[in-house]
């Protein structure tokens, strides 16, 4: 549901008066969430919050939303999906801490006047702790007419997009840490942060289907990426970003505005 053009959709760039005026339109407020963790030799450790912030910004511009400041720390890096604790810089929260952070942010947004909230996540391990935080918040503020969505951006990838990005077959999101998807999106949104000469071409990580403690260093490629990122390109990133903007915008419109229209007609 598009509205009058704002100077910026980023809450952090708004004055308090601009933010108050934006809330008068009952917009969807996006909370980008991610993590600070290693992303191979070629990507910055901020990937997991830079990407959902960029995606949320494009979607917010389509639907007249507002993008809150990102949650830059996420659940601790796990060995099989993000390299684990073996790389300097990977800085994780306990799951309970992340849940309480999300609860508190939602509670504050509702206090400001927000009633439509979308948590847009970029870190594989975060999901259930985000869900817990949302559930805790809804117990406190649900009686105020609050509605919340929670999504992880890769869940919106279509078969058509995957076929174009992975002509030799999609390896699955479990191996796509610091690989083609994230590298392509970073080449599109933040090309200045990609060290293209250091894009790795390592073999796929070979770990069993379970976790152990202490974690095993040999389960992770020395580069930190879980599979080769050599197939990444800015064009693939643009393709993915365009599809995300289209389909996530449609989902947000459906959940937050189409239901209102139906209720109004009843």
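Take the alpha carbon atoms of segment 158-217, find their center, do the same for segment 12-49, and report the distance between the two centers in whole angstrom. What the calculation gives is 23 Å, centre to centre.
Placing a label point 7 Å from the Cα of residue 218 along the Cα-to-Cβ direction, the residues of segment 70-107 whose backbone N falls under 19 Å of that point are 79-81, 83-87. Annotation: Cα Rg of segment 1-62 relative to the compact-globule expectation 2.2 N^0.38 Å equals 1.35. Listing 187, 149 from fewest to most neighbouring C-beta atoms within 10 Å gives 149, 187.
Each label was represented as a point 7 Å from its Cα along the Cα-to-Cβ direction; for residue 143 and residue 7 these points are 3.9 nm apart. For a paramagnetic label modelled on residue 107 (point 7 Å from Cα along Cα→Cβ), amide N atoms under 12 Å away are absent within segment 58-95. As a proxy for reagent exposure, 206, 211, 121 were ordered by neighbouring Cβ count within 10 angstrom, fewest first; the result is 206, 211, 121.
Counting 0.36 nm for each residue step from residue 196 to residue 158 and taking away their Cα separation leaves a gain of 11.0 nm.
Looking at the square roots a ≥ b ≥ c of the eigenvalues of the Cα gyration tensor of segment 1-135, which shape do they give, rounded for a/c under 1.5, prolate if a/b is larger than b/c, or oblate?
Numbers: a/c = 2.64, a/b = 1.76, b/c = 1.50.
Judged from the Cα gyration tensor, segment 1-135 comes out prolate (a/c at least 1.5, a/b above b/c).
For the chain, the longest principal axis of the alpha carbon atoms and the long axis of helix 127-141 meet at an angle near 20°. Considering helices alone, the calculated mean residue ellipticity of the chain at 222 nm is -12500 deg cm²/dmol, with DSSP H runs of length four and up weighted by -39500 (n - 2.57) and normalised per residue.
Can you bin segment 174-252 into rounded, prolate or oblate? Criterion: square roots of the alpha carbon gyration tensor eigenvalues sorted a ≥ b ≥ c, rounded for a/c under 1.5, prolate for a/b above b/c, oblate for the rest. Oblate.
Compared with the dominant principal axis of the Cα atoms in the chain, helix 47-63 is inclined by about 30°. Shown here: the chain, whose C-alpha atoms stretch 56, 38, 36 Å along the first, second and third principal axes, sorted largest to smallest. Beta-bridge orientation, segment 11-253: approximately 10 percent antiparallel, per DSSP, counting only bridges with both partners inside. Inter-part distance, segment 218-249 to segment 91-127, computed on C-alpha centroids, equals 24 Å.
Every number in this text was worked out from the coordinates using simple rules, so none of it is lab data. The model shown is predicted, which means the values in this text are computed figures rather than measured ones. Cβ sites come from the backbone with ideal geometry, for glycine too, and all protein chains shown count toward neighbours.
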